[in-house]
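Structure, as structure tokens:
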Amino acid sequence: MTASPSRCHSAHSEAEPRHLKARNSNHPDCRHFPDSWNNTADSRRNEGSDEVHVERGAAGGELAQCRDSLADAVDAATLARCEADLATAAANAADLEISLAQSSALRAQLDEVSEELQSCREMARLGFVLVIMSWSTNDDVDLHVVDPAGREFYFAERSFPGSDAAFEEDNINGPGNEVWLHSAAEPGSYRVCYKLYTRRSLPRPEVRGSVLWQEGSIEIPRVDLAREDEVRLAVNVVVDADGNVALDRSQSGLVLNRELCG
């Protein structure tokens, strides 16, 4: 008795338990199916497995590419941040250079101001000294001043090279005044003398004087001149290193037996 294909197909297609399927595969009705039928089923199963493997491999490749792209993106972002940080650092360095340049300029200005201040202090120490002499008769009285270097200032020698001092005012007819000025007096002793150059009146001329400087003024003792061409020491003006002025009156009125004061 030959098994019909319909019965075999029915036996294999129904949803039976595994042990029943195994039993049915040996069923006498299906025992004589061609082997090609079974091989075709196995081939189909293998092809399905291969497709799964191919799809799985493709998915793995796409995942690897995704990971590489993500790594590239992270590296690009990091590089961008680094470049931004470098740009910020460069800007800060430029600002620092500008600040340093400004600081150097301010330092130069400060040094210049310090030098000017030091110069002003030195000028303050070398303060001005002014000697003024006056008399009330119509005689001709001359003022003479000898500086620490031995230079004698009077009407015939009003100034000298290398000195800021000058004989500022001369009068030949009294009453009158005569003035000597030093704008930056060097330290030392300055001798002040009076000379009766021409006598025109009977009474003796009485000569007065004062020393003016940045801190005030000091009166010179009065001196009487008795005869023509007489030279008398009025006072010694002493200037110290700080520009302070003092008068040495110890020899005031001393007659100098010479034509000049020096």
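Does region 135-145 hold any residues that are over 18 Å from Trp213 (Cβ atoms) and surrounded by 18 or more Cβ atoms within 10 Å (Cβ to Cβ), and which are they?
Within region 135-145, the subset over 18 Å from Trp213 (Cβ atoms) is 135-142, 144.
If the condition is that a residue be over 18 Å from Trp213 (Cβ atoms) and surrounded by 18 or more Cβ atoms within 10 Å (Cβ to Cβ), then Trp135, Thr137, Asp139, Asp140, Val141, Asp142, His144 are the ones that fit.
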Query raised in the report: Do we have any residue at all in region 185-203 that's crowded, with 22+ Cβ neighbours inside 10 Å, farther than 22 Å from Ser252 by Cα, free of Cβ contacts under 8 Å to residues at least 40 places away in the same chain and not aromatic (Phe, Trp, Tyr)?
Result: no
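Given the structure, is Arg158 more than 23 Å from Asp248 (Cβ to Cβ), of a type in the set (Lys, Arg) and either out of contact with any Asp or Glu (no Cβ under 9 Å at 6 or more places or on another chain) or not assigned by TED's automatic domain parsing to the domain that holds Ser252 (or both)?
Working: more than 23 Å from Asp248 (Cβ to Cβ): yes; of a type in the set (Lys, Arg): yes; either out of contact with any Asp or Glu (no Cβ under 9 Å at 6 or more places or on another chain) or not assigned by TED's automatic domain parsing to the domain that holds Ser252 (or both): no.
Against the criterion (more than 23 Å from Asp248 (Cβ to Cβ), of a type in the set (Lys, Arg) and either out of contact with any Asp or Glu (no Cβ under 9 Å at 6 or more places or on another chain) or not assigned by TED's automatic domain parsing to the domain that holds Ser252 (or both)), Arg158 does not qualify.
Return the only residue of Gly162, Gly253 being in a loop (DSSP other than H, G, I, E, B) and within 21 Å of Thr137 (Cβ to Cβ). Steps first, answer last, please.
Working: Gly162 fails: within 21 Å of Thr137 (Cβ to Cβ).
Every option except Gly253 fails the conditions.
Within region 44-55, is there a residue that is at pLDDT 80 or above and in a helix (DSSP H, G or I)? Lay out the reasoning, then the answer.
Initial filter on region 44-55 (at pLDDT 80 or above): none.
No.
Quick check on this structure: which one of Ala108, Ala77, Ala156 is at pLDDT 90 or above and loosely packed, with under 13 Cβ neighbours inside 10 Å? Break it down into steps so the answer makes sense when it comes.
Working: Ala108 fails: at pLDDT 90 or above; Ala77 fails: at pLDDT 90 or above.
Just one listed residue meets the conditions, Ala156.
Looking at region 184-206, can you tell me whether even one residue there is assigned to a strand (DSSP E or B), hydroxyl-bearing (Ser, Thr, Tyr) and either over 15 Å from Asp140 (Cβ atoms) or not assigned by TED's automatic domain parsing to the domain that holds Asp164 (or both)?
Within region 184-206, one or more residues are assigned to a strand (DSSP E or B), hydroxyl-bearing (Ser, Thr, Tyr) and either over 15 Å from Asp140 (Cβ atoms) or not assigned by TED's automatic domain parsing to the domain that holds Asp164 (or both).
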Query raised in the report: Can you spot a residue in region 248-255 that is surrounded by 14 or more Cβ atoms within 10 Å (Cβ to Cβ), modelled with pLDDT under 95, among the hydroxyl-bearing types (Ser, Thr, Tyr) and touching a His at 6+ places or on another chain (Cβ under 9 Å)?
Result: no
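Every residue, every condition in (1) in contact (Cβ under 8 Å) with a residue 12 or more places away in the chain; (2) of a type outside the set (S, T, N, Q), yes or no:
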residue: Leu110; (1), (2): no, yes
residue: Asp147; (1), (2): yes, yes
residue: Ser163; (1), (2): yes, no
residue: Val207; (1), (2): yes, yes
residue: Trp213; (1), (2): yes, yes
Query raised in the report: Condition test on Arg121, is it at pLDDT below 70, surrounded by 10 or more Cβ atoms within 10 Å (Cβ to Cβ), outside the structural domain of Asn236 (by TED's automatic domain parsing) and within 30 Å of Leu247 (Cα to Cα)?
Result: yes
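The values are calculated or read from the model by the stated rules, or taken from the named source; none is laboratory data. Small disclaimer: the values here were computed from a predicted structure and weren't measured. Reconstructed Cβ throughout: ideal geometry from the backbone, glycine too, with neighbour counts over all protein chains shown.
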